[in-house]
Amino acid sequence: MSAADSLPTITLAGQRIHAVTMQQTLDAIAADAKANFGGWVVTPNLDILHKLVHDDAFRELVAPATLFLPDGKPLIWASKLQRTPLPERVAGSDLISTLSARAADEQLSVFLLGGDPGAADEAAAVLRERHPNLTIVGTECPPFGFENDAEYLASLEATLAEARPDIVFVALGCPKQEKLIVRLRPLLPSAWFLGVGISFSFLAGRVQRAPRWLQSTA
């Protein structure tokens, strides 16, 4: 059994959500990656939880994900109201930093896929400056309409297969990033995939995140 499989869960609006801290999340992903157990992280906020409840196609798309982590205070509040409290918010926009730091310590490699043009490279530069030991094996910004370009998708698959990252951050927004993750996971069964939305732009300083006190209410 993988480390992620043993993590506790609750049910919120009919959806499985993992009742874990950031530290538990990092420990499980690092342990599984080093043991060649791959996985997929989805971080539901209120909007994504609504999709999971009301959009059958999206719910089926992400059903194979390994971890569903609460990204948003409303999920924390709702879990407390039903007396199955989630311990804390585990946001995708935080995971790109915390998991990269852990990857540097554990000698796990990272690939940054997506974002606005140039954002992945800028985010990679920030991560390398913070963590000189971090191995970033590639960055890629898919062009507009890439999902309908068979030649490009074949090239992307070849790039990832050659790079063989342990962790892939996919920053394309929901549900585009989830659809791409489903396509790419079979190529890298030992890798961890995380959909992180606009996080490359946050990390690169292109878009400012809300202050911490305001994040705690979102």
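The values are calculated or read from the model by the stated rules, or taken from the named source; none is laboratory data. A quick note: this is a predicted structure, and the numbers were derived from the prediction, not measured. Reconstructed Cβ throughout: ideal geometry from the backbone, glycine too, with neighbour counts over all protein chains shown. Accessible surface areas use protein heavy atoms only, side chains included; no ligands, DNA or RNA. Shrake-Rupley method; radii C 1.70, N 1.55, O 1.52, S 1.80 Å.
To keep it simple, each residue is scored yes or no on (1) open to solvent by less than 20 Å² (accessible area, probe 1.4 Å); (2) touching an Asp or Glu at 6+ places or on another chain (Cβ under 9 Å); (3) among the β-branched types (Val, Ile, Thr); (4) within 26 Å of PRO165 (Cβ to Cβ).
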| position | (1), (2), (3), (4) |
| --- | --- |
| ARG16 | no, no, no, no |
| GLN24 | no, no, no, yes |
| ILE29 | yes, no, yes, yes |
| GLY39 | yes, yes, no, yes |
| VAL42 | yes, yes, yes, yes |
| ASP55 | no, no, no, no |
message = Within region 90-98, does at least one residue satisfy the condition of being modelled with pLDDT of 95 or more and over 12 Å from the mean Cα position of the chain (by Cα)?
response = no
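Just checking, does region 128-144 include any residue being within 22 Å of PRO186 (Cα to Cα) and within 15 Å of the chain's Cα centre (by Cα)?
Our first condition is that a residue be within 22 Å of PRO186 (Cα to Cα); within region 128-144, this holds for 136-142.
Add one more test, that the residue is within 15 Å of the chain's Cα centre (by Cα), and what stays is none.
No, region 128-144 contains no residue that is within 22 Å of PRO186 (Cα to Cα) and within 15 Å of the chain's Cα centre (by Cα).
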ask   = Considering only residues of region 69-84 that are within 18 Å of GLY195 (Cα to Cα) and open to solvent by less than 10 Å² (accessible area, probe 1.4 Å), which is nearest to the chain's Cα centre (by Cα)?
value = LEU69
Region 60-116, residues that are in contact (Cβ under 8 Å) with a residue 60 or more places away in the chain, acidic (Asp, Glu) and in contact with a Pro (Cβ under 9 Å, 6 or more places away or on another chain) = GLU88
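Among the helices (runs of 4 or more DSSP H) lying completely within region 85-189, list those that include at least 3 residues that are open to solvent by 30 Å² or more (accessible area, probe 1.4 Å) and over 24 Å from GLN24 (Cβ atoms). Please lay out each step first, then the result.
Details: elements: 92-106, 119-130, 150-163, 176-184.
Helices (runs of 4 or more DSSP H) meeting the threshold: 119-130, 150-163, 176-184.
Considering only residues that are of a type in the set (Asp, Glu), closer than 12 Å to CYS174 by Cβ and either touching a Ser or Thr at 6+ places or on another chain (Cβ under 9 Å) or assigned to a helix (DSSP H, G or I) (or both), which ones fall in region 34-65? Break it down stepwise before answering.
Here is the first cut: in region 34-65, the residues of a type in the set (Asp, Glu) are 47, 55-56, 60.
Restricting the remaining residues to those that are closer than 12 Å to CYS174 by Cβ gives 47, 55.
Residue satisfying the conditions is ASP47 alone.
Among the residues of region 44-53, which ones are under 13 Å from ALA91 (Cβ atoms) and surrounded by fewer than 19 Cβ atoms within 10 Å (Cβ to Cβ)?
First pass over region 44-53, keeping only residues under 13 Å from ALA91 (Cβ atoms): 44-46, 48.
Scanning region 44-53 gives a single hit, LEU46.
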